[in-house]
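The values are calculated or read from the model by the stated rules, or taken from the named source; none is laboratory data. If you're wondering where the values come from, they're calculated on a predicted model, not measured in any experiment. Cβ coordinates were reconstructed from backbone atoms using ideal geometry, including for glycine residues, and neighbour counts include every protein chain displayed. The area values use the complete protein model at the heavy-atom level, side chains included, leaving out ligands, DNA and RNA. Shrake-Rupley method; radii C 1.70, N 1.55, O 1.52, S 1.80 Å.
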Amino acid sequence: QVQLVESGGGLVQAGGSLRLSCAASGRTFSSSAMGWFRQAPGKEREFVATINWSGGSTRYAEPVKGRFTISRDNAEKTGYLQMNSLKPEDTAVYYCAARKWGNLRDYASDYDYWGQGTQVTVSS
């Protein structure tokens, strides 16, 4: 079992940066792949980024490539999403997720554990 708590969201101007954190509890975090998803009002939850159990492999959604960086610290049981050059269209609730297996996945249905979400608002 893994419990996840996101933090680091807030209000930022376009072009600014935020760093989201995802603190995990549970023995299996270091063997779990992690992902970040987001959901804007009136829209479906969408994939943002994923990282494998070791941190050696990552994948990003096209809209965030080159601007966002996913990382993890297994010793600290924490995952991160560094978001640079933010745009108003990045405004959403951001969720971190973990899966029982260590390999990458882009689909929300492949994840077993979810945080409560943190709001990111980018003003123009």
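What whole-number value in Å² describes the accessible area per residue of segment 1-65 for a 1.4 Å probe?
The answer is 52 Å² per residue.
What part of the accessible area of the chain, given as a whole %, is carbon or sulfur when the probe is 1.4 angstrom?
In the chain, the share of accessible area belonging to carbon and sulfur is 47 percent.
For segment 29-119, which trypsin sites (Lys or Arg not before Pro) are in a loop by DSSP, counting at most 10 other Cβ atoms within 10 Å?
Passing both the DSSP loop test and the Cβ count: Lys43, Lys65.
Can you say what percent of the DSSP beta bridges in the chain, counting only those with both residues inside, are antiparallel? Round to 5.
DSSP beta bridges in the chain are roughly 90 percent antiparallel.
Students sometimes get this wrong: rank Ser31, Ser109 by accessible area, probe 1.4 Å, all chains present, largest first.
Highest to lowest solvent-accessible surface, that is Ser109, Ser31.
Tell me, what is the percent relative contact order of the chain, built from C-alpha pairs under 8 Å that lie six or more residues apart?
Worked out over the chain, it gives 37 percent.
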